[in-house]
Amino acid sequence: MENQKILKFLEHFSVITVGENKIPNFSWTKQQTEKLTTTELTKRLEYKGGKTWTDKDGVIHEIKPTTAFGLVTGFEDLEVLDIDLKVFSTAKEQKEFWEEFIGYLQDNILDFEDKFVIYKTKNAGYHIIYKTKRIEGNLKLAKLKGHKEAVIETRGRFGYIFAYPENKVSKKDYFQVEYISDDDREILFSFSRMYNYIEEVTIEPKKEKNEFSTGNITPWQDYNEKTNILDLVQNDFTIVANHNKRYVIKRHGALSPHSGYIFKDSGCMYLFSTGTIYPHEKLITPFVAFTYKYHNGDFSEASRELYKLGYGSRIEKIIKEKEKSLPNNENQITNYLINENDLIFPIDVFPKPIQNYIMECNTKLDSNVDYMGCSLLWLISVCIGNSIEMEVKRGWNENVSLWISLVGKAGIGKTPSINNIIFPLLKINQREIKRYYKLLEVWEHYNSLSPKDKKEFPFVEKPIKGQFIANDITLEALVDLHQESDNAVGVFKDELAGWLKDMNKYRAGSDLEFWLSVWSGKAVNLNRLTRKGSYVDKPFIPVLGGIQPNILSHFYTEENKDNGFMDRMLLSFPDCKIDSYNENELSYDVLDWYKENIIAFFDKLKYVIQRDNDNNIIPMTAKFSEDAKKEWVRIFNEITNYQNSDDENEYLKSMYPKQKSYIPRFALLIHAFDENFSSGGNVLEVSKESVLKAEKLSKYFIATAKKLKLNTATVINLKTTSKAGKNNIEKLKLIYEENPDFNRSQTAEILGISRMQINRLLKQIEGK
């Protein structure tokens, strides 16, 4: 190929020269971040040999003559899907594989032919070429059975491909490579991984310590034998195909056709997708899945948890950790009464049309009213953000940030209930991200202009990233995001267990201290040894997610009681039952109405945000009306009386002080939302009605917290009673003798057996 034509590639790519050994003949490290000049490339293209170089050991190497050229991947976001068909023995097999693979892509990626550049290689393969902001290293996506080499892999950062200008397959050529969306890339990878051969074997996790192996079987072995991984991950994935030896599963919300497999024989899961809490491209046993789902990948913690739940050895250790949190006056707790009416979520705090939408979802989609109501409170909180604050009195301001935990067992419908409420907010978040990248392109183009050309265009400011919803994000990344999305960053996590466990894990600076400051709206400064400090003047980070009651109970410790962290969590713990399938469907009109109104509410608040000359947000200040102030004073004094009362249990009344902050937050939040559905009101004058609604919400969350603490105390009592038993029947006998009406479900969970087994053992006990 003529050198002049090769030099044209330099306008679009970082170009390397290759010797007869098919590797770069000159050092190309520099070209991974910087293009060669025209002069440098010309010299390398014309190089005929004769030069040498000496390595650090003094060995002399010959620089091979240039025989070809290539393109550096990873440079300027260039990524290539490399399909190597030489692993097939016949041309027919190669042809069949390629036609099937490209057919999948054409059927599932909109306008596929207009997005990708495709060239055929000289070694029975293809290059699918594109650009992506998610550039990675070289990934092996698919390997066929019996072959060491990958049939499909990527060329990304620190990689390169040979250029074959004469072998174009697509409409577009090398000089027309464009960016593809993250969704299209996910589909591309998903179908590639579909061809990956995965050896189906059961992998036992590495033993951590001998402290868990006092019986005949370890906790993880026992858990693997007793647990169906399908039940464990059912809230995270959907089965999209049922083959002879495996299920094909898809991550909720994923656009790709599938995310991985569950093998029927071994009971293991294998994931292609990186968008989950679980490891990818590794065989995952039930124990490994449990560890990542509830213990953030900490195998030691997961092992202890399983041991305490009765897995492994049937000789229980004394559960010291839980006894520490057990109150001295157990009888008082057991007999403490909760107003049952307060345990019903007060749906009437919302405007009537919103109540109707929630009930429609409840009756037609079997979504839980409590979970939906709490999710809506979080949504409103995120929409308002730092735009408005509540002045309780001079010197005492509250924002409307909420931390909400939806408590319930796996499979009870927490995630669907949340999604039915917050989906408009997720769409707005996606809208804002897309808007950011469009503006970023304009800004980057403007910056690429010469000073002379810039004068002909109006000044373009660097856009602010529009993302304001974070899911499974590190503390550092969260702070960085908040520095740009300064109004609010809402954290939404399907499972909160990992977030709760992250507190106090860092040696330099405590996550717990950070989050306590965030809840109070105090400025936070994140300093870690590995990064520069990050500062947020007015942090606003509402949190929403689900957690199982047995997992949450572990966080009711003396330490958390003293710091008040758990009392900042608003808990929803309804009595849920799984309903059978119903044929009723929610109409598109209802969904569209709800979506449009939520988007309008968000946009309305977004455009009233006030800023100073330094572009910092200046929150508008809301105050109680005269009538509202009287109700607030009454409620405040009643809460104070509960705090001072000797009749109130010390273990249960610790949540009262935080409600003095939450009630003004509820009042402003409800008032602002109401005003969106009415006319003629004043959003900055909180009404008496809004304060009374806030009181209802406060009573609901107090009652729910008490219910959960009682549940925790019951679990502790059951564990303490059973600890003297050597086996399950002895443990159960001790529990039965103390209280014949004990909680069967909780006991089954503690002993690691089913309710059916509980009933069988009870028959033996009662028969003796």
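Quick check on my filter: what residues within the stretch 132-168 are free of Cβ contacts under 8 Å to residues at least 60 places away in the same chain and within 24 Å of Thr67 (Cα to Cα)?
Within the stretch 132-168, Tyr164, Glu166, Asn167, Lys168 meet the criteria.
Does the stretch 605-619 contain any residue that is in a helix (DSSP H, G or I), surrounded by fewer than 18 Cβ atoms within 10 Å (Cβ to Cβ) and among the charged types (D, E, K, R)? Before you say what the answer is, go through the steps one by one.
Residues of the stretch 605-619 that are in a helix (DSSP H, G or I), as a first pass: 605-606.
Next, from what is left, pick out any that are surrounded by fewer than 18 Cβ atoms within 10 Å (Cβ to Cβ): 606.
Narrowing further to those that are among the charged types (D, E, K, R): 606.
Yes.
Those residues that are crowded, with 18+ Cβ neighbours inside 10 Å and not in a strand (DSSP E or B), I need them from the stretch 140-163; list them, please.
If the condition is that a residue be crowded, with 18+ Cβ neighbours inside 10 Å and not in a strand (DSSP E or B), then Lys143, Ala150, Val151, Gly156, Ala163 are the ones that fit.
What about Thr714, is it surrounded by 18 or more Cβ atoms within 10 Å (Cβ to Cβ), of a type in the set (S, T, N, Q), touching a Lys or Arg at 6+ places or on another chain (Cβ under 9 Å) and at pLDDT below 80? Can you show your working first?
Working: surrounded by 18 or more Cβ atoms within 10 Å (Cβ to Cβ): yes; of a type in the set (S, T, N, Q): yes; touching a Lys or Arg at 6+ places or on another chain (Cβ under 9 Å): no; at pLDDT below 80: yes.
In short, no.
Among the residues of the stretch 74-128, count how many are in a helix (DSSP H, G or I) and hydroxyl-bearing (Ser, Thr, Tyr). If you could, list the steps in order and put the result at the bottom.
Filtering the stretch 74-128 for residues in a helix (DSSP H, G or I) gives 75-77, 85-87, 91-108, 112-115.
Filter once more, so that each one left must be hydroxyl-bearing (Ser, Thr, Tyr): 104.
The number of residues fulfilling the criteria is 1.
Which residues, taken from the stretch 410-443, are among the hydrophobic types (A, V, I, L, M, F, W, C) and either within 30 Å of Ala289 (Cα to Cα) or not assigned by TED's automatic domain parsing to the domain that holds Pro574 (or both)? Can you show your working first?
Initial filter on the stretch 410-443 (among the hydrophobic types (A, V, I, L, M, F, W, C)): 410, 412, 418, 421-423, 425-426, 428, 433, 439-440, 442-443.
Across the stretch 410-443, the qualifying residues are Ala410, Ile412, Ile418, Ile421, Ile422, Phe423, Leu425, Leu426.
Scan the stretch 420-442 and give yes if some residue there is crowded, with 24+ Cβ neighbours inside 10 Å and modelled with pLDDT under 90, otherwise no.
No; the residues of the stretch 420-442 include none that is crowded, with 24+ Cβ neighbours inside 10 Å and modelled with pLDDT under 90.
Please indicate, with yes or no, whether at least one residue in the stretch 388-399 is small (Gly, Ala, Ser) and crowded, with 20+ Cβ neighbours inside 10 Å. Before you say what the answer is, go through the steps one by one.
Restricting attention to the stretch 388-399, the residues satisfying the condition of being small (Gly, Ala, Ser) are 395.
Narrowing further to those that are crowded, with 20+ Cβ neighbours inside 10 Å: none.
There is no residue in the stretch 388-399 that is small (Gly, Ala, Ser) and crowded, with 20+ Cβ neighbours inside 10 Å.
When you scan the stretch 217-300 for strands (runs of 3 or more DSSP E) that lie fully inside it, which ones turn up with 1 or more residues that are among the small types (Gly, Ala, Ser) and either modelled with pLDDT under 85 or over 25 Å from Ser754 (Cα atoms) (or both)? Explain how you work it out, then say what you get.
Working: elements: 237-242, 246-251, 260-263, 269-271.
Fully inside the stretch 217-300 and qualifying: 237-242, 260-263.
Considering only the stretch 392-407, state which residues are of a type in the set (Gly, Ala, Ser) and out of contact with any Phe, Trp or Tyr (no Cβ under 7 Å at 6 or more places or on another chain).
Answer for the stretch 392-407, where residues must be of a type in the set (Gly, Ala, Ser) and out of contact with any Phe, Trp or Tyr (no Cβ under 7 Å at 6 or more places or on another chain): Gly395, Ser405.
Can you name every residue in the stretch 164-186 that is of a type in the set (Gly, Ala, Ser) and modelled with pLDDT of 90 or more?
Looking only at the stretch 164-186, we keep the residues that are of a type in the set (Gly, Ala, Ser), and these are 170, 181.
Correct list: Ser170 only.
Evaluate the following for Val59: is it in the same structural domain as Thr154 (by TED's automatic domain parsing) and exposed (fewer than 15 other Cβ atoms within 10 Å of the Cβ)? Before you say what the answer is, go through the steps one by one.
Details: in the same structural domain as Thr154 (by TED's automatic domain parsing): yes; exposed (fewer than 15 other Cβ atoms within 10 Å of the Cβ): yes.
Yes; evaluated as a whole, the condition is true for this residue.
Suppose we filter the stretch 119-139 for residues that are of a type in the set (A, V, I, L, M, F, W, C), within 20 Å of Ile109 (Cβ to Cβ) and surrounded by fewer than 21 Cβ atoms within 10 Å (Cβ to Cβ); how many remain?
Taking the stretch 119-139 and keeping what is of a type in the set (A, V, I, L, M, F, W, C), we get 124, 128-129, 135, 139.
Filter once more, keeping what is within 20 Å of Ile109 (Cβ to Cβ): 128-129, 135, 139.
Subset that is surrounded by fewer than 21 Cβ atoms within 10 Å (Cβ to Cβ): 135, 139.
Total meeting the criteria: 2.
Residues in the stretch 7-60 that are assigned to a loop (DSSP other than H, G, I, E, B), touching an Asp or Glu at 6+ places or on another chain (Cβ under 9 Å) and polar (S, T, N, Q): how many?
Going through the stretch 7-60 one residue at a time, the tally reaches 1.
From Phe69, Phe97, Phe88, grab the single residue that is assigned by TED's automatic domain parsing to the domain that holds Arg185, crowded, with 18+ Cβ neighbours inside 10 Å and out of contact with any strand residue (DSSP E or B) (no Cβ under 9 Å at 6 or more places or on another chain).
On the way: Phe69 fails: out of contact with any strand residue (DSSP E or B) (no Cβ under 9 Å at 6 or more places or on another chain); Phe97 fails: out of contact with any strand residue (DSSP E or B) (no Cβ under 9 Å at 6 or more places or on another chain).
The unique qualifying residue is Phe88.
How many residues are assigned to a helix (DSSP H, G or I) and under 22 Å from Glu484 (Cα atoms) when one looks only at the stretch 423-462?
Taking the stretch 423-462 as the starting set, the residues that turn out to be assigned to a helix (DSSP H, G or I) are 423-448, 451-454.
This time we only want the ones that are under 22 Å from Glu484 (Cα atoms), so: 424-447.
Going through the stretch 423-462 one residue at a time, the tally reaches 24.
Take Lys64 and tell me if it is charged (D, E, K, R), crowded, with 18+ Cβ neighbours inside 10 Å and in the same structural domain as Leu7 (by TED's automatic domain parsing).
Numbers: charged (D, E, K, R): yes; crowded, with 18+ Cβ neighbours inside 10 Å: yes; in the same structural domain as Leu7 (by TED's automatic domain parsing): yes.
Yes: the conditions hold for Lys64.
Is it true that Asp107 is exposed (fewer than 15 other Cβ atoms within 10 Å of the Cβ), modelled with pLDDT of 90 or more and either touching a Leu at 6+ places or on another chain (Cβ under 8 Å) or charged (D, E, K, R) (or both)?
Here the answer is no, as Asp107 does not meet what is asked.
Which residue is farthest from Phe191 (Cα to Cα), if the candidates are limited to the stretch 250-259 and must be free of Cβ contacts under 8 Å to residues at least 60 places away in the same chain and in contact with a Phe, Trp or Tyr (Cβ under 7 Å, 6 or more places away or on another chain)? Step through it out loud before you land on a result.
Initially, the stretch 250-259 is screened for residues free of Cβ contacts under 8 Å to residues at least 60 places away in the same chain, giving 250-251, 253.
Subsequent filtering for residues that are in contact with a Phe, Trp or Tyr (Cβ under 7 Å, 6 or more places away or on another chain) retains 250-251.
Details: Lys250: 12, Arg251: 14 Å.
Among them, the one singled out is Arg251.
Could you please give the count of residues in the stretch 113-156 that are over 29 Å from the mean Cα position of the chain (by Cα) and either outside the structural domain of Glu178 (by TED's automatic domain parsing) or among the aromatic types (Phe, Trp, Tyr) (or both)?
The total comes to 3.
Kindly establish whether Glu113 is surrounded by fewer than 16 Cβ atoms within 10 Å (Cβ to Cβ), modelled with pLDDT of 85 or more and not aromatic (Phe, Trp, Tyr). First the steps, then the outcome.
Working: surrounded by fewer than 16 Cβ atoms within 10 Å (Cβ to Cβ): yes; modelled with pLDDT of 85 or more: yes; not aromatic (Phe, Trp, Tyr): yes.
Against the criterion (surrounded by fewer than 16 Cβ atoms within 10 Å (Cβ to Cβ), modelled with pLDDT of 85 or more and not aromatic (Phe, Trp, Tyr)), Glu113 qualifies.
Out of all the residues in the stretch 14-60, which are of a type in the set (Asp, Glu) and touching a strand residue (DSSP E or B) at 6+ places or on another chain (Cβ under 6 Å)?
Applying the first criterion (of a type in the set (Asp, Glu)) to the stretch 14-60 yields 20, 34, 40, 46, 55, 57.
Residue satisfying the conditions is Glu20 alone.
The values are calculated or read from the model by the stated rules, or taken from the named source; none is laboratory data. Just so it is clear, the structure is predicted and the values come from calculations on it, not from any experiment. Reconstructed Cβ throughout: ideal geometry from the backbone, glycine too, with neighbour counts over all protein chains shown.
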